[in-house]
Amino acid sequence: MSPYALSMLMSSLAMGTIITLSSSHWFLAWMGLEINTLAIIPLMTKMHHPRATESATKYFLTQATASALLLFSSTMNAWMTGEWTIMDMNSYTPTTILTIALAIKLGIAPFHLWLPDVLQGLDMMTCLILSTWQKLAPMALLILTSHQLNTNLLILMALASAVIGGWGALNQTQMRKIMAYSSIAHLGWMTLVISFAPGLALLNLMIYLMMTSSMFVMLMTLNATNMNKLSISWLKTPTLAASMMTGLLSLGGLPPLSGFLPKWLILQEMTKHHLGALSAVMALSALLSLFFYLRLSYMISMTSPPNISNANLTWRKKNNLSLINPILVVLSTMLMPITPMLLM
């Protein structure tokens, strides 16, 4: 792809998200989401492969459906209340339709089926953008309207996401699908707490973005798309393999890594609201996710494949992302000491 076209598409992506984040009018927010969708589709199809075209088509259809629902809910709300402001969604039907629209946009269960298939057909850089940057605008709208949405519906979707995100990745061998199910499970945790403490959902989103970015950057560096390629990563870059192991354990939410922080605070918040049974189910669903993260960690650190690597330089691999990698790894594994500051 031409650098000029790429810079234009990336600028449009940034602009679409910024328009949505800074808007107070539903029509402007919808327009930002549309710019976002239209800017990423050429990035998806740049591989010129049938799988990439299929992914782009699936993504376009789901996002178009979500956008239509969002516009329909905001129009219905304007018809009922006379207000186009984002903060004024008081009627039951528009808020329910809005919740469904944003769930489709984000890939929250039971509207998650497009996400693993779409990610599997893309290259790692587009997967990174889709798993991180594309979550910002819909999640911002969800946080802004969280006090008006149906709490029971959000809790049901959160439970479904956490369980499906854990179950779905158990039999996967492709890294992109595993990261997609990981995204679904993390979005479940954010959706659960968004009605009770939107600030905590935002903190969870920030830590999720750091952990997912560091994982995708490491996968790009190792050029690993499945578990077999991952198991020979310690031959190429032992340091990166160790970093990836800690990154995976952080995604699983093991203390004292950064990924434990949002889970701990969310469970604490839930028990404050006397939702002990819900907290127990969420904690048990986190064990499902932890199993496949531990399996990947075990493959990276403690197994050696029966075949040798086909790479010319088996022992050391040139790292083009040398500056970004350590920063992201540190952020995604060592944020636990700032917990007292966050709680204040």
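Suppose we filter region 310-343 for residues that are modelled with pLDDT under 70 and over 16 Å from Thr239 (Cα atoms); how many remain? Even if it seems obvious, please write down each step before you answer.
Applying the first criterion (modelled with pLDDT under 70) to region 310-343 yields 310-322.
In the following step, the residues that additionally are over 16 Å from Thr239 (Cα atoms) were identified as 310-312.
Of the residues in region 310-343, 3 are modelled with pLDDT under 70 and over 16 Å from Thr239 (Cα atoms).
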### Query
Only one residue in Leu141, Leu203 is under 30 Å from Thr339 (Cα atoms) and either open to solvent by 20 Å² or more (accessible area, probe 1.4 Å) or out of contact with any Ser or Thr (no Cβ under 8 Å at 6 or more places or on another chain) (or both), so which one is that?
Leu203
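In the set Ala109, Ala158, which member is over 23 Å from Phe216 (Cα atoms) and among the hydrophobic types (A, V, I, L, M, F, W, C)? Before the answer, list the steps.
Details: Ala109 fails: over 23 Å from Phe216 (Cα atoms).
The match here is Ala158.
Which one of Ser231, Ser161, Ser214, Ser182 is open to solvent by less than 10 Å² (accessible area, probe 1.4 Å), in contact with a Leu (Cβ under 7 Å, 6 or more places away or on another chain) and under 17 Å from Leu294 (Cβ atoms)? Steps first, answer last, please.
Details: Ser231 fails: in contact with a Leu (Cβ under 7 Å, 6 or more places away or on another chain); Ser161 fails: under 17 Å from Leu294 (Cβ atoms); Ser214 fails: under 17 Å from Leu294 (Cβ atoms).
Sole residue among the options that is open to solvent by less than 10 Å² (accessible area, probe 1.4 Å), in contact with a Leu (Cβ under 7 Å, 6 or more places away or on another chain) and under 17 Å from Leu294 (Cβ atoms): Ser182.
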### Summary
Only one of (1) closer than 17 Å to Leu98 by Cβ; (2) more than 14 Å from the chain's Cα centre (by Cα); (3) surrounded by 22 or more Cβ atoms within 10 Å (Cβ to Cβ); (4) of a type in the set (Val, Ile, Thr) does not apply to Val193, and that is (1)
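When you look at Ala185, is it in contact with a Gly (Cβ under 8 Å, 6 or more places away or on another chain), among the aliphatic types (A, V, I, L, M) and over 28 Å from Val330 (Cα atoms), yes or no? Please lay out each step first, then the result.
Working: in contact with a Gly (Cβ under 8 Å, 6 or more places away or on another chain): yes; among the aliphatic types (A, V, I, L, M): yes; over 28 Å from Val330 (Cα atoms): no.
Here the answer is no, as Ala185 does not meet what is asked.
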### Query
So which residues in region 117-163 are more than 26 Å from Thr85 (Cα to Cα), part of a helix (DSSP H, G or I) and polar (S, T, N, Q)?
Gln120, Thr126, Ser131, Ser161
### Query
Do the conditions hold for Thr221, that is, is it modelled with pLDDT under 90, open to solvent by 30 Å² or more (accessible area, probe 1.4 Å) and β-branched (Val, Ile, Thr)?
no
### Query
If you check every pair at least six apart or on different chains, which have Cβ atoms under 7 Å apart with a residue in region 81-98 that is under 16 Å from Thr151 (Cβ atoms) first and a residue that is surrounded by 16 or more Cβ atoms within 10 Å (Cβ to Cβ) and of a type in the set (Val, Ile, Thr) second?
Met89/Thr95; Met89/Thr145; Leu98/Thr145
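The values are calculated or read from the model by the stated rules, or taken from the named source; none is laboratory data. These numbers were taken from a predicted model, which means no experiment stands behind them. Don't worry about glycine lacking a Cβ; one is built from the backbone with ideal geometry, like all the others, and counts go over all protein chains shown. Only protein heavy atoms, including side chains, enter the accessible area calculation; ligands, DNA and RNA are left aside. Shrake-Rupley method; radii C 1.70, N 1.55, O 1.52, S 1.80 Å.
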